[in-house]
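Take a look at the structure set out below.
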Amino acid sequence: MEIIELASGERKSVIITETLKSDLKNLTEDRFFFNWRTLEGSPVVYKLQLKEKNGILGVMGLIHFPDEARVEIKLITSSKENIGKKKKYEGIVGCLIGYACQLSLTKYGEMACVSLVPKTEIRQHYIEKYGMEDAGWQLFLDGWRLLNIVKKYVLCM
Amino acid sequence: MYVKKGFSKKKLEELAEDVVITEKLSPAQEAEARKQLAAARKKTQAGMTEQERLIANLLQLKFRLEEYINNREYDDQLTFGYFLKEYLQLIHKKRNEFAAEIDIHETLLSQLINNHRAPSESVIIRLELHSNNAIPATYWYRLVEKQKEHFIGTNKDLRKAEKKFVKNPLRVSI
């Protein structure tokens, strides 16, 4: 998986892993837009880092629904320096959504699904940018839509 | 809502690129959302082509293999034979049919699936070619190596049998 350093245009490899207990104290509202220690529903929290150096650039909370062959995104935030027009890297959110699709595909194969309940004002953004399908409350990726995201963000095709 | 209230629509649109903000639903809304999603997925699943199903299942096998060979833990169930059998199942091939496609004897294929024989380099390369590079030869190779590493590292009988061939071993220990 890769993100783009906007100043140089270089592609940088990233890794995504589950957060450790010791990471949580650094995931503050000041740095990550939200105090991740207070996230409800006990999601599994993943962090995105550059392969070449430490430091968390993005965080994602997922809830697994094995009975429904589905993974639900509860929240994704980039680090403070990666939000807005002056951000350092492009593609953090895309890689994290791609990783959620990869996890779902690894567990559920052709039945894989990733969903989220976005705020009404920004539903259209996820439909347009990631090709998400509208299911009422939820937006979701499955079938070829999910495969496209995996190809783009995980396999970098 | 999973973030503080009070953002304008414009601010939310700006943030959407770098932050995914979700709504918190009531239990009733949650139940409704699940029903809606199940209905919508039924349609999209029905519309999936055989090719899309095959790609999804091939990627599942690739990611499972990747996860296992990159993990330090050893699992004696997850052998070369186990993953090869999975591959045959997902491409819907009978053993005789698949053996013919990679030009090996059916008996050899059964031995490989039952872990009675280790695959040669040729077999590993033919598997990569058969999958049209979906499962790289290096993945199969690393899987075999992982089994071998475990065998070499833990086999007490082998050590016992070989001990009589070693004379004058070093007396220092590190």
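The values are calculated or read from the model by the stated rules, or taken from the named source; none is laboratory data. Note that this is a predicted model, so its numbers are computed, not measured. Glycine gets a Cβ as well: all are built from the backbone with ideal geometry, and neighbour counts include every protein chain shown.
One table, with the values for the structure above:
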{"read-out": "Filtered residues of region A:1-36 (kept if more than 14 Å from chain B (Cβ to nearest Cβ) and part of a helix (DSSP H, G or I))", "value": "A:LYS21, A:SER22, A:ASP23, A:LEU24"}
{"read-out": "Test result for B:ALA33, modelled with pLDDT of 95 or more, surrounded by 16 or more Cβ atoms within 10 Å (Cβ to Cβ) and within 7 Å of chain A (Cβ to nearest Cβ)", "value": "yes"}
{"read-out": "Number of positions in region A:37-56 that are under 21 Å from B:LYS24 (Cβ atoms), in a strand (DSSP E or B) and among the hydrophobic types (A, V, I, L, M, F, W, C)", "value": "2"}
{"read-out": "Residue in region B:76-95 that is surrounded by fewer than 18 Cβ atoms within 10 Å (Cβ to Cβ) and either at the interface with chain A (Cβ under 7 Å from one of its Cβ atoms) or farther than 25 Å from A:GLY109 by Cα (or both) present", "value": "no"}
{"read-out": "Among residues of region B:75-117, those that are modelled with pLDDT under 95 and in contact with a Lys or Arg (Cβ under 8 Å, 6 or more places away or on another chain), counted", "value": "0"}
{"read-out": "Every residue from region A:66-79 that is under 21 Å from A:LYS119 (Cα atoms) and either modelled with pLDDT under 95 or out of contact with any helix residue (DSSP H, G or I) (no Cβ under 8 Å at 6 or more places or on another chain) (or both)", "value": "A:GLU72, A:LYS74, A:LEU75, A:ILE76, A:THR77, A:SER78, A:SER79"}
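Residue by residue, here is whether (1) closer than 29 Å to A:TRP144 by Cβ; (2) aromatic (Phe, Trp, Tyr); (3) over 13 Å from the mean Cα position of the chain (by Cα); (4) surrounded by 15 or more Cβ atoms within 10 Å (Cβ to Cβ) holds:
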| residue | (1), (2), (3), (4) |
| --- | --- |
| A:ASP67 | yes, no, yes, no |
| A:ILE92 | yes, no, no, yes |
| A:CYS95 | yes, no, no, yes |
| A:MET111 | yes, no, yes, yes |
